[in-house]
Amino acid sequence: MNSSISFLSGIDRLFRGASRRPLHLFLIFLSFPLFAEPLSENQARFGVITGDVGLLAQGASEWIDPHEGLPIEPGDHIRTGVDGKVEIVSSDHALWILQPETEAVVEHTETNAGRVDLSSGSLVGKVDSERAAGTAQLWEFNTPAAVLAVRGTEFAIDVSRREGTRLGVFEGSVDMEPAETAEGLQPPQKIPSGREATARRGQPIQLLTRFSSRTTVLSALCPALRRRQKQIEDTWSPFTPTVRAELRRRYVTPPSKHSMIRRSHPRTRRSPPPTE
C-alpha cells in the first residue's frame, strides 16, 4: 500500500499546476499495476461528457464540472443542461447515458449491482448479458412513479411530471414495479423486448403495443450505445481503492465532517401516497 501511495504522490507532483488538464491524460499514468492491492468493488466512473454537466458530491455545497474517468461515489448528484449528455460507466458491462435536462442521484454501485434515483429527464442503458454471463446482475432505477429492475438488457427511461415514468425495452426484459400507494405495494410486471410501459402515481402500469414517439427517438440511440459499450469493454482498466481515492481527492473537494448527510431520495416503493 505504501508503494502505491508513493507512486500516486509522484504522479501528483508531475501534474501539479495542471488541475484543469483533461482527466483521461492523468489516467494514462494510473494504468500501471499497483502491486498487490485488491480492486475496488465500486468501479463506477464518468465516461464521455458533452455540453453542460454538473456534479454535486454528497455533503458538498457547490456544483463542479466532472471529468471523464472521475470515480462516482454514493450520493453523487448529477444533472445535465439543455445541451448536456454524460455517460455513467457503472462497470465494464453496464453503461447508462443521461440525456439533456436530466437529474439523477447515485444511491450505491458495485461491480454487478447498483441503484440510481432518476427524478427527471431520460437515459438509455445497456447491461451486456454475455460479458456478465454466470454473474447475477441487479441494477435498479428509482423514479417517482416506479422502480425498474434491470438484469441484462437494452432500455430507455423517460421521467416527467406530466407523463410519469415511461420505459422502453429494446432487448431482454425489465421488471417494473409501481410506486407504493394508499392500497400498498403492487406486484412488479415484466416488460418484454419490443414493448413500452408507462407508470403514473396511483395508477396501474399500462403496457403499450408500440413505442411512443419519445421512446422511438431514444431507441435510435441504441446503435451508438452498443458501439460505445464495446469500446469501454476493449479498453477497460479497473481501479484500486487507492486510485479512486486519489482521483476524488484531486478533483472533488472533500465534504466537511458536519455535512456528511444522506441527500439521496428515499426509495420510491416506500414513499407516501401523493396528497391532493
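Out of region 133-190, which residues are basic (Lys, Arg) and surrounded by 15 or more Cβ atoms within 10 Å (Cβ to Cβ)? Walk me through it before giving the result.
Initial filter on region 133-190 (basic (Lys, Arg)): 151, 161-162, 166, 190.
Within region 133-190, 151, 166 meet the criteria.
State whether one or more residues within region 180-190 are under 19 Å from residue 209 (Cα atoms) and part of a strand (DSSP E or B).
yes
To keep it simple, each residue is scored yes or no on (1) in contact with a His (Cβ under 9 Å, 6 or more places away or on another chain); (2) farther than 16 Å from residue 232 by Cβ; (3) modelled with pLDDT of 95 or more.
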site: 29; (1), (2), (3): no, yes, no
site: 77; (1), (2), (3): no, yes, yes
site: 97; (1), (2), (3): no, no, yes
site: 109; (1), (2), (3): no, no, no
*Given the structure, is residue 197 out of contact with any strand residue (DSSP E or B) (no Cβ under 8 Å at 6 or more places or on another chain) and of a type outside the set (Asp, Glu)?*
no
_So the check is Cβ under 8 Å with 6+ separation or different chains; which pairs have a first residue in region 214-225 that's farther than 13 Å from residue 97 by Cβ and a second one that's basic (Lys, Arg) and surrounded by 19 or more Cβ atoms within 10 Å (Cβ to Cβ)?_
214/166; 215/166
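In the list 114, 121, 125, 134, which residue meets the criterion of being in a strand (DSSP E or B), among the small types (Gly, Ala, Ser) and either under 21 Å from residue 39 (Cα atoms) or in contact with a helix residue (DSSP H, G or I) (Cβ under 6 Å, 6 or more places away or on another chain) (or both)? Give the derivation first.
Numbers: 121 fails: either under 21 Å from residue 39 (Cα atoms) or in contact with a helix residue (DSSP H, G or I) (Cβ under 6 Å, 6 or more places away or on another chain) (or both); 125 fails: either under 21 Å from residue 39 (Cα atoms) or in contact with a helix residue (DSSP H, G or I) (Cβ under 6 Å, 6 or more places away or on another chain) (or both); 134 fails: in a strand (DSSP E or B).
Answer to the check: 114.
The values are calculated or read from the model by the stated rules, or taken from the named source; none is laboratory data. What you see is a predicted model; the values in this text were computed from it and never measured. Here Cβ is always computed from backbone atoms with ideal geometry, including for glycine, and neighbour counts include all displayed protein chains.
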